[in-house]
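The values are calculated or read from the model by the stated rules, or taken from the named source; none is laboratory data. Predicted, not measured: the structure shown is a model, and the values here were computed from it. We place every Cβ from the backbone using ideal geometry, glycine too, and count neighbours over all the protein chains shown. For accessibility, only protein heavy atoms count, side chains too; no ligands or nucleic acids. Shrake-Rupley method; radii C 1.70, N 1.55, O 1.52, S 1.80 Å.
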Amino acid sequence: MKENKIKVACYGEVLWDIFPGGQQRAGGAPFNVAYHLSRMGVDAHMISSVGSDHLGSELLEKIQNWNIPINGIQINDQYPTSTVVATIDENNDAHYDIIQHVAWDYIETRPADLNLLTETDALVFGTLAARNEKSKNTLFELTEASNYNVFDINLRPPYYDIHLIKDLLHRTQLAKFNKAELRMMLDFMGKDYVTEKDSIQYLQDVFGMKEIIVSKGSKGALYANKDNFYLYPTVSVEVKDTVGSGDSFLAGFLSKRLETGTSAQQIMHQAVALGAFITAQEGACPEYTLDYFTKFRDQHQVSALPV
């Protein structure tokens, strides 16, 4: 029996991002989503793996201190905890060197995780955690157990292929692209770009998906649900860095989308506000409270733009 509180499972990479100067921060796109969902009051769970090493112990301790359950995070004796070397360019955009053959490349399918998905409102995943056959097979089993699959495309060259993306999209109820990923997807499919709306409708038809989000950077974000299209602007802030901004946007979106009786206005306002709130701070997972964010959101109202 499902409780009234929203429950979401996020699958894939948990890791340490190593920044210039040696500073390390907990990260990984699905983990960032879990972190912000938890801050939004959602019961967020992480399905992943760390090594049986010092970095793994530190990561588990940090995640536990953030009140995110760690029982879905496996400990692997053969492969190390993931580290990613991050560099920040002159536009404050992050670039990552993602080391292979780490613990989350070898996530096992476990009955407890399959059972968890019978009680959750959504499963969130990306392409990166499917770069290895082991974790890819586990992901496919988890998508079978979940009723609402949320695919944050999040392409990280060279760790994806079109066949994998197509297979995952066929299992997806809500897909999130950025503008470049949407164009790339059309190229993969041999479809000419006409308009954004036409592109979205094409993907909805091909993959049988009702819901698609397109994040458009400074131009806001577009949400399509069946034949309804909702375009919302960004909230204007002074950008500290863009690390994790798309992940926080998705967490804000889902925290309202999975509530009963919310409108597109409420969903998209929460999403663009949380994305902006995080870009105005350092790092993907800064410390903050729901009350603090709610005040920020309510001070930055947004209205739908014509599509």
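Scanning region 118-172 for residues that are more than 22 Å from Tyr35 (Cβ to Cβ) and among the hydrophobic types (A, V, I, L, M, F, W, C) returns Phe140, Ala145, Ile162, Leu164, Ile165, Leu168, Leu169. Taking the criterion of being assigned to a strand (DSSP E or B) and surrounded by fewer than 16 Cβ atoms within 10 Å (Cβ to Cβ), the only residue of region 66-75 that qualifies is Ile75.
Taking every residue in region 189-203 that is free of Cβ contacts under 8 Å to residues at least 12 places away in the same chain and at negative phi and pairing it with any residue that is open to solvent by 60 Å² or more (accessible area, probe 1.4 Å) and in a helix (DSSP H, G or I), at least 6 positions away or on another chain, the pairs with Cβ-Cβ distances below 9 Å are Tyr193/Arg183; Tyr193/Asp187. Taking region 147-161 as the range and being outside any loop (DSSP other than H, G, I, E, B) and of a type in the set (Phe, Trp, Tyr) as the test, only Phe151 passes.
Evaluate the following for Ile63: is it under 19 Å from the mean Cα position of the chain (by Cα), among the β-branched types (Val, Ile, Thr) and closer than 20 Å to Gly283 by Cα?
Working: under 19 Å from the mean Cα position of the chain (by Cα): yes; among the β-branched types (Val, Ile, Thr): yes; closer than 20 Å to Gly283 by Cα: yes.
When the stated conditions are applied, Ile63 passes them.
When Arg156, Arg110 are checked against the criterion of being surrounded by 14 or more Cβ atoms within 10 Å (Cβ to Cβ), more than 30 Å from Val237 (Cβ to Cβ) and of a type in the set (Lys, Arg), a single residue qualifies: Arg110.
On the phi < 0 side of the Ramachandran plot, under 16 Å from the mean Cα position of the chain (by Cα) and not hydrophobic (A, V, I, L, M, F, W, C): which single residue out of Ser218, Ser248 fits that description?
Working: Ser218 fails: under 16 Å from the mean Cα position of the chain (by Cα).
Of Ser218, Ser248, the one residue that is on the phi < 0 side of the Ramachandran plot, under 16 Å from the mean Cα position of the chain (by Cα) and not hydrophobic (A, V, I, L, M, F, W, C) is Ser248.
In region 101-115, the residues that are farther than 11 Å from Gly12 by Cα form Cβ pairs under 8 Å with partners that are of a type in the set (Gly, Ala, Ser), at six or more places apart or across chains, as follows: Val102/Gly51; Val102/Ser82; Glu108/Ser49; Ala112/Gly72; Asp113/Ala9; Asp113/Gly72; Leu114/Ala145.
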